[in-house]
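Remarks on the structure that follows.
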Amino acid sequence: MKLLTIDEIISSILDETNGLDEEITDGMILKEENIPYSSIDKVKQLLKIEYLDQVFSDYILKYNWGNVGFLSYQFGNNDETGLDWLINRNLEYSDYHILQKEGLIIIANGDPYTVLLECKRGKIYAFTSDMSYDNKIQIASDFEELVKAMGTGQYSLWKNIEKDFIDLMSSIVTEKGLDFWKDFVGLY
C-alpha cells in the first residue's frame, strides 16, 4: 500500500458516495477552487503570521477546504473558501496567543485531536485538550502528506484494510505519530 494521490482520493470518495444525496456528500468531496492569493495575505495579516508555509498556501488556494473533512476531522465549516473559518477558528481559540508565540495555527478539528500547522517549516502536529503544547505529536511532514494520509486512511477504513494503512504509516511517522493514525482509523 502507498499513500493515494489527491486525484485518487477524490476518485475514491466519488466512488464511495455514488448515488448519495449531494447534501450528504458536500463536505466529503475536495473540489478545485481558484481562491485569490490576496486571501493568504489576509490570513497572514489577521493572524499576525510573517511566513506561511508554501505547500499549505498552495493547497488552500487550489481547493475549497470550507466544508471538507476526512472521517471525524473537519477543515472548515460553512465557509465557501475555507480561509474565513481558518482565521476565525484561530482568533477565537482561547490559547491562540500561545500558538502564535510557537508559530502554530489550527488547521483542522477532530476527535480527540486538533491539527496544527507549523507556519514556517510546514510540519503538521496534533494535540488533545489534555496535552501541553510541548507534547504535541508530529503526524505529517507537510500539508500534502497530511491530506494524502487522511484520504488514504479514510479509503482503508472503507475497504477494511486499516492494518495495511497502519503498516504504511509506521514507515512514515514516529510511534507517537502512529498513535494519531491508529485513532484516525479506529484501531486504537
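The values are calculated or read from the model by the stated rules, or taken from the named source; none is laboratory data. Quantities reported herein were computed from a predicted structural model and do not represent experimental measurements. Cβ atoms come from the backbone with ideal geometry, glycine included; neighbour counts cover every protein chain shown. These accessible areas exclude ligands, DNA and RNA; they are computed on the full protein's heavy atoms, side chains included. Shrake-Rupley method; radii C 1.70, N 1.55, O 1.52, S 1.80 Å.
Which condition does Ser156 not pass, out of (1) among the hydroxyl-bearing types (Ser, Thr, Tyr); (2) assigned to a helix (DSSP H, G or I); (3) open to solvent by 50 Å² or more (accessible area, probe 1.4 Å), if it passes all the others?
Of (1) among the hydroxyl-bearing types (Ser, Thr, Tyr); (2) assigned to a helix (DSSP H, G or I); (3) open to solvent by 50 Å² or more (accessible area, probe 1.4 Å), only one is false for Ser156: (3).
For the condition outside any helix (DSSP H, G or I) and at pLDDT 85 or above, what is the one hit in Ser94, Ser57, Ser39?
After ruling out the rest, the residue left standing is Ser94.
Select from the stretch 159-180 the residues that are assigned to a helix (DSSP H, G or I) and of a type in the set (D, E, K, R) and list them in ascending order.
Glu162, Lys163, Asp164, Asp167, Glu175, Lys176, Asp179
Starting from the stretch 55-75, keep only residues that are farther than 16 Å from Glu32 by Cα, then list their pairs with residues that are open to solvent by 10 Å² or more (accessible area, probe 1.4 Å) and aliphatic (A, V, I, L, M) whose Cβ atoms are within a distance under 6 Å, requiring at least 6 positions of separation or different chains.
Matching pairs, first to second residue: none at all.
Is it the case that the stretch 181-188 has a residue that's outside any loop (DSSP other than H, G, I, E, B), of a type in the set (A, V, I, L, M, F, W, C), surrounded by 22 or more Cβ atoms within 10 Å (Cβ to Cβ) and at negative phi?
yes
Return the residues of the stretch 97-141 that are part of a strand (DSSP E or B) and open to solvent by 20 Å² or more (accessible area, probe 1.4 Å); say none if nothing qualifies.
Those that are part of a strand (DSSP E or B) and open to solvent by 20 Å² or more (accessible area, probe 1.4 Å): Asn109, Thr114, Glu118, Tyr125, Gln138.
What number of residues in the stretch 117-132 are touching a helix residue (DSSP H, G or I) at 6+ places or on another chain (Cβ under 7 Å) and modelled with pLDDT of 95 or more?
Matching residues across the stretch 117-132 total 4.
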